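This report refers to the structure that appears directly beneath it.
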Amino acid sequence: MDSVKVIAPFVFAGTVVLVIFLPKVLRYMVLRYRLRNFKGPRGLPILGNALQFGRDNAAYRKFIRHNAERFQENGSFLLYFGLLPVVFVYNAVDMEKILRNVKHDEKEFFYKMGLSPWLGDGLLLSAGSKWAARRKLLTPSLHFSILKKFLFVFNEQAQCLTEKICQLVDKPSVNLPPLISLCSLDVMSEIIIGLKLAAQEGGSSEYVEAVHRMSKIILERAMRPWCYSNFVFRQTPLGREHEECLRILHNTTKQVIHDRKLGIQEEGRKAVIIDDKSREVRKRRRLAFLDLLIEVQKQDPSLTDEGIQEEVDTFMFEGHDTVSTSLSMALYLIGRHPDVQKKIQKELEQVFGIDRERFVTSEDLQKLEYLSCVMKESQRLLTTVPTVGRTLKEDTRIGGIDVPKGTYISLSFHLLHRDPNEFPEPEKFDPDRFCPSNSEGRHNFAFIPFSAGHRNCIGQKFAIMEQKVILATILRKVEIKSLQEIAEMRFAAELVLRSVDGVKVTFTRRLLH
Ligand code: HEM
């Protein structure tokens, strides 16, 4: 009788655990069984392929590239991150199938684990009706007519950056990304939060450093399946560094929002009007994106302070690091290809004559067609956002095999942009691939650095405009030479692409003809 009393609680607890976990375990077993025919490198029973990822990000990238070539015929392969199956997709047809299907919109697992603590449920991470409402609310703030008003900010900051660069002329080596990063931070802070941060004047920023550290931490965690549990992660040095970065990032934006609200109260600023028909924002003065959110909150209190914070964090992150990486890579490639640089200079002279000072206008931007091709080819070869992820919400045929609902998909733009069928000699830097006659017949989803479908990048036009202004301003005044061969560069695919050893260049002043 006594032994029954002792055993009973254990039997009870065991039954509860079984009832809770058995369906999950069974579902997982079915998922694995259904993926059994999907091609990929063999892994170990519990660790999966984790031990093959290598010691660092560069080794991981090499491993992925190797498998991409091995399974090029399918344009997809399967890896196990510990117990978690991840299907890598890098062919345009399957990419389109997934990105066009609204059902696969939700960003789960790696996004939630990596980015949610920082960006909350902002536009990048939200889904369903919340995402749709926010996207509708935020789209007018990036309308072309609004962007034209931001041209002034792009130009001012581009000139500030060019002045800094001119001071570095003839130095034996300059590391490019920190310079560019501060410029793009100044642009974003002025446009998004209405704050003239003047990071370029100060030389460094705690915020920028925290963004970079955070990016690294998120990817390192993803490569260590034993850190997936929040409890375990918090006990590790990486987890503690994560907490510290989060504190800096959130405190910075929280303070800015607080100050801006106070400022608006004190100044009694005029309300923003959103025209329902054109979805344009009409206003008397140049407003920051944050002002729009604060005004919307007055009319619609369902947009909480937390909601504002998550959108500000999302836009600051999405708009700053991406543009600065993309620009650094474009300048790097231009600096490696003197023939391309000469053609850009010729085009700049056709548009600006010998004027190296005047601001770039929206008419100029339209005329800079070759520069557009160069920017696209840089995005193709050194894709800023190497990969995005989705979780399948219904069974989907990928690489000729039915992949079950619930599978995590890694959509690799980096690999997609190297498809030799779409881009012959994919490792060659050739901007002419993007001239209209050479682009004919290319699959719509063969080149998608800003993603595609309804969850594409909301800031695409903003990013292109900003980069073109900055490139046209710098390259009118200086010539750039990149010191490292592309084969020598060690790239790390974090949230955005990064060069581990920086991007070393020299500048010389351009002579007037
Ligand atoms: C060269 C620069 C940029 C690149 C390469 C880029 C790329 C991307 C990509 C690939 C996505 C899809 C992410 C996913 O599906 O998980 C995305 C989404 C997003 N981007 Fe960008 N981006 C850039 C600049 C910007 C800028 C300047 C802004 C803001 C002004 C911005 C704001 C966003 C937002 C808010 C989303 C989420 C959109 C949604 O889910 O509705 N991005 N971007």
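The values are calculated or read from the model by the stated rules, or taken from the named source; none is laboratory data. These figures come from a predicted structure and were not determined experimentally. Here the Cβ positions follow ideal geometry from the backbone for every residue, glycine too, while neighbour counts run over all protein chains shown. Areas reflect the complete protein model, heavy atoms only, side chains present, ligands, DNA and RNA absent. Shrake-Rupley method; radii C 1.70, N 1.55, O 1.52, S 1.80 Å.
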*Nearest 10 degrees, 0 to 90: helix 338-352 Cα axis against the chain principal axis*: 60 degrees
*Any idea what the relative contact order of the chain is, in percent, if you count C-alpha pairs under 8 Å spaced at least 6 apart?*
24 percent
*Might you tell me the accessible area per residue for the chain, computed with a 1.4 Å probe and given in Å²?*
47 Å²
*Cα-based shape type of region 292-408, given that a ≥ b ≥ c are square roots of the gyration tensor eigenvalues and the cut on a/c is 1.5*: oblate
*asked:* Taking the 0 to 90 degree range and rounding to the nearest ten, how far is the long axis of helix 206-222 tilted relative to the main principal axis of the chain, both from C-alpha atoms?
replied: 40 degrees
*To the nearest 10 Å², what's Met223's accessible area with a 1.4 Å probe?*
30 Å²
_In whole percent, and with a 1.4 Å probe on the protein chains, what portion of the accessible area of region 18-93 is carbon and sulfur?_
63 percent
*May I ask which residue of Ile7, Phe71, Val86 lies farthest towards the positive end of the charge dipole of region 1-98, with charges of +1 (Lys, Arg) and -1 (Asp, Glu) on Cβ and the Cα centre as origin?*
Phe71
*Going by the alpha-carbon gyration tensor, a ≥ b ≥ c the square roots of its eigenvalues, is region 352-392 rounded (a/c under 1.5) or, if a/c is not under 1.5, prolate (a/b greater than b/c) versus oblate?*
prolate
*List, in order, the whole-Hz ³J(HN,Hα) value for each residue of region 166-172 obtained from phi through the Karplus relation with A = 6.51, B = -1.76, C = 1.60 and θ = phi - 60°; use x for Gly and Pro.*
4, 6, 9, 4, 6, 5, x
_Kirkwood-based shape ratio for region 1-62, expressed as Rg/Rh from alpha carbons_ = 1.28
_For region 236-254 versus region 99-141, the gap between their alpha-carbon centres in whole angstrom_ = 22 Å
*Quick one: angle between helix 460-477 and the longest Cα principal axis of the chain, in degrees between 0 and 90, rounded to 10, please.*
40 degrees
*asked:* Going by average Cβ density within 10 Å per residue, which order do the peptides 327-339, 25-37 take, highest to lowest?
replied: 327-339, 25-37
*What is the projected area of the convex hull of the Cα atoms of region 1-130, averaged over all directions, in nm²?*
12.8 nm²
*What whole-number value in cubic angstrom gives the convex hull volume per residue for the C-alpha atoms of the chain?*
182 Å³
_From Cα pairs below 8 angstrom and at least 6 apart in sequence, can you work out the relative contact order of region 290-414, rounded to a whole percent?_
19 percent
